[in-house]
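See below for the structure under consideration.
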Amino acid sequence: MKCPFCGHHEDKVVDSRASSDGAAIRRRRECLKCGKRFTTYEHVEEQPLMIIKKDGRREPFDRHKLVAGLVKACEKRPVGMDELERLVDELERELSQQFEREAPSREIGERVMKRLHALDPVAYVRFASVYREFKDVEQFMRELKELLALKATS
């Protein structure tokens, strides 16, 4: 490890411990040249999940992009950030268990809509209208009718 103070390449580890969440190891180091101490963190290097878009392009899964879309769908709704973060946490966990390297975007969209449907019907319709690219009012009305029919049976 290169010392951030003098650039020397030799140091000794003075202390090691797991981070509070257990996702990293914190190491206190001391430079063998200048004697100054610094901290490093060791993390597991994960292979990012790639998303296969509708047009066949691939891009890395972007948690922030998904949260931003959910925040927009839930604007002025009684849905807190903790609930949205929990929804995305669960989704990420599910995706990493089911898909090794790549997942189709439609799979993610459908899973998000299913969770939003249970969380807030208005946010669900907002998200669905963008995700399913409603072309006209009739498509929007069909979705609302299906939502109302489901609500009436439950």
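Read-outs throughout are calculated quantities, based only on the coordinates presented, and are distinct from any laboratory measurement. Here the structure is a predicted model, which is why all the values come from computation and not from measurement. Neighbour counts are summed over all protein chains in view; Cβ atoms, including those assigned to glycine, are modelled from backbone coordinates with ideal geometry.
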Original post:
Of all the strands (runs of 3 or more DSSP E) wholly in segment 2-101, which have at least 1 residues that are under 27 Å from the mean Cα position of the chain (by Cα), exposed (fewer than 12 other Cβ atoms within 10 Å of the Cβ) and touching a residue at least 40 places away in the same chain (Cβ under 8 Å)?
Top reply: 58-60
Subject >> Among the residues listed as 103, 68, 118, 73, the single one being touching a strand residue (DSSP E or B) at 6+ places or on another chain (Cβ under 8 Å) and small (Gly, Ala, Ser) >> reply: 103
